[in-house]
Amino acid sequence: MRRQVLTSRNVRGGRFIDFALGGLNYQIEHHLFPSMPRPSLRRSQALIRAFCDRNSISYQEDTLVSSYAQSLRYLNDVGAMAPR
């Protein structure tokens, strides 16, 4: 459970982002409960965040732009290490 939370990040942005990403902006909740219906992911967020706070587990949430930037930096770093 800890690994699922620590290796995931949610994308915040309100109902527009919920709609645009089909609810999969709740990656932490989705990785913990993959069969949970997408509309329920948002409702479960407060419970999961509170659990993480109580157990000192980092709960990562970023904007869409920040999330994409982090992903692109990581892919660039990994690509730079590949043999040529």
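I need the full set of residues from segment 8-27 which are under 16 Å from Y68 (Cα atoms), among the hydrophobic types (A, V, I, L, M, F, W, C) and assigned to a helix (DSSP H, G or I), in order please.
I17, A20
Please determine whether any residue of segment 60-70 is crowded, with 16+ Cβ neighbours inside 10 Å, of a type in the set (D, E, K, R) and part of a helix (DSSP H, G or I).
Checked segment 60-70: no residue is crowded, with 16+ Cβ neighbours inside 10 Å, of a type in the set (D, E, K, R) and part of a helix (DSSP H, G or I).
Any idea which residue in segment 43-58 is least open to solvent (accessible area, probe 1.4 Å), counting only those that are without any contact (Cβ under 8 Å) to a residue 12 or more places away in the chain and either of a type in the set (A, V, I, L, M, F, W, C) or within 17 Å of V11 (Cα to Cα) (or both)?
Step by step, filter segment 43-58, then rank; the result is A50.
Give me the pairs, please: first residue somewhere in segment 59-82 and of a type outside the set (D, E), second residue anywhere and in a helix (DSSP H, G or I), beta-carbon distance under 7 Å, and either six or more positions apart or on two chains.
Y59/V5; Y59/I28; Y59/R49; Y59/C52; L64/I17
How many residues, within segment 21-56, are under 16 Å from V5 (Cβ atoms), among the charged types (D, E, K, R) and in contact with a helix residue (DSSP H, G or I) (Cβ under 7 Å, 6 or more places away or on another chain)?
Final tally of qualifying residues: 1.
Has segment 75-83 got any residue that is β-branched (V, I, T), open to solvent by 70 Å² or more (accessible area, probe 1.4 Å), more than 20 Å from Q4 (Cα to Cα) and part of a helix (DSSP H, G or I)?
no
Take the residues in segment 1-20 that are open to solvent by less than 90 Å² (accessible area, probe 1.4 Å) and over 12 Å from the mean Cα position of the chain (by Cα), then tell me which one is farthest from R43 (Cα to Cα).
A20
The values are calculated or read from the model by the stated rules, or taken from the named source; none is laboratory data. Worth saying up front: this structure is predicted, and the values here are computed from it rather than measured. Glycine gets a Cβ as well: all are built from the backbone with ideal geometry, and neighbour counts include every protein chain shown. Ligands, DNA and RNA are stripped out before the accessible areas are found, and what is left, the full protein with its side chains, is counted by its heavy atoms. Shrake-Rupley method; radii C 1.70, N 1.55, O 1.52, S 1.80 Å.
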